[in-house]
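The values are calculated or read from the model by the stated rules, or taken from the named source; none is laboratory data. Predicted model, so just to flag it, every value in this text is computed and none were measured. Note that each Cβ is placed from the backbone with ideal geometry, even for glycine, and that neighbours are counted across all protein chains shown. Just the protein is used for accessible areas: all its heavy atoms, side chains included, with ligands, DNA and RNA removed. Shrake-Rupley method; radii C 1.70, N 1.55, O 1.52, S 1.80 Å.
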Amino acid sequence: MRCGIENADSRSFYEDYIRDLVLVARCGNRDTRQLFLQRYAEQLCGLANYLQFLTEREQDLVFADALRPREGSLPRSLAGTRLATPAWFNRRVSNPFNVWKAEASYCPERVEIDPMCRMIVDPLETPYVSRRNGVDVYFCCLTCLEQFERGGNVANLSLAS
Ligand SMILES: [Zn+2]
């Protein structure tokens, strides 16, 4: 249940972080990257703030740079390095690049937003899907799905930020 990630152990939290990073770096746009930066602002410390104010093109470059550990190389820029291995995790995960190795084959194709909690979701991975008005809606966890199906706030359905 990823909504409660703060309670998860550091390694699986870092794995979630990397998967979300790969998801928005490969498939995201400015909106989903903003959600990512907001979600992990605490772990990214000042970097989240800094990245939010870059142009879209500059953000693209930093996120692409942060994906280099997937190919076994190091990011070239300081911002890319900090995005790939935030200091918050480095103090808690003994070898962050081993986690990258384990996630190297993860290749998401598109990204969706959970309308209940606004987490970014890989629609091909999550088992929590509901259909409303002929449209599939994706959730991060069972709790969000159940809230939605109990008549969750329709106002939250707007995927635009
Ligand atoms: Zn959720």
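What are the ³J(HN,Hα) values, in whole Hz, obtained from phi via the Karplus relation 6.51 cos²θ - 1.76 cosθ + 1.60 with θ = phi - 60°, for each residue of the range 60-65 in sequence order, with x given for Gly and Pro?
Computed from phi, the couplings for the range 60-65 are 3, 5, 5, 5, 5, 4 Hz.
State the answer as a single residue: which of LEU74, THR143, GLN59 lies farthest towards the positive end of the charge dipole of the chain, with beta carbon charges of +1 for Lys and Arg and -1 for Asp and Glu, about the Cα centre.
Ranked along the dipole, the leading option is LEU74.
For the chain, set up a Gaussian network in which alpha carbons nearer than 10 Å are linked by springs, and say which option among ASN29, ASN133, ASN98 fluctuates the most.
The residue that fluctuates most here is ASN133.
Rg(Cα) of the range 112-157 divided by 2.2 N^0.38 Å?
Working: Rg = 9.3 Å, N = 46, 2.2 N^0.38 = 9.4 Å.
Ratio of Rg to 2.2 N^0.38 Å for the range 112-157: 0.99.
For helix 30-39, what angle does its Cα long axis make with the longest principal axis of the chain, in degrees from 0 to 90 and rounded to 10?
80
Please work out the average accessible area per residue across the range 112-157, using the 1.4 Å probe convention, and give it in Å².
Per-residue value: 53 Å².
What is the extension gain from ASN49 to SER105, computed as 0.36 nm multiplied by their sequence separation minus the C-alpha to C-alpha distance, in nm to one decimal? Present the calculation step by step, with values, prior to reporting the outcome.
On the way: separation 56, 0.36 × 56 = 20.16 nm, distance 2.95 nm.
Result for the pair: 17.2 nm of gain on full extension.
State the percent of C-alpha pairs, over all pairs in the chain, separated by a distance greater than 26 angstrom.
On the way: 3403 of 12880 pairs.
Percentage above 26 Å: 26.
Give me, ordered by chain and number, the residues 5 or more places off ARG132 or on other chains with an amide H under 5 Å from its own placed amide H.
Result for ARG132 returns VAL137.
Give the carbon-plus-sulfur fraction of the accessible surface of the range 2-102 in %, rounded to a whole number; probe 1.4 Å, heavy atoms of protein chains only.
Values: 2440 of 5070 Å².
Answer for the range 2-102: carbon and sulfur cover 48 percent of the accessible area.
What's the magnitude of the charge dipole for the range 2-102 around its Cα centre, counting Lys and Arg as +1 and Asp and Glu as -1 at the beta-carbon? Answer in Debye, nearest 20. Each step should come with its number before you reach the end.
Numbers: 15 positive and 12 negative charges, 46 e Å.
Computed about the Cα centre, the dipole is about 220 debye.
Rounded, prolate or oblate, given the Cα gyration tensor of the range 17-91, with a/c below 1.5 counting as rounded?
Working: a/c = 1.36, a/b = 1.09, b/c = 1.25.
It is rounded, given that a/c, with a ≥ b ≥ c, falls under 1.5.
Remind me, relative contact order of the range 2-102 in percent, using alpha carbon pairs under 8 angstrom and six or more residues apart? Let's see the in-between values first.
Numbers: 89 pairs, mean separation 29.7, N = 101.
After rounding, I find 29 percent.
Tell me, what is the per residue accessible area of the range 2-102 in Å², probe radius 1.4 Å?
Working: 5070 Å² over 101 residues.
In whole numbers, the range 2-102 has 50 Å² accessible per residue.
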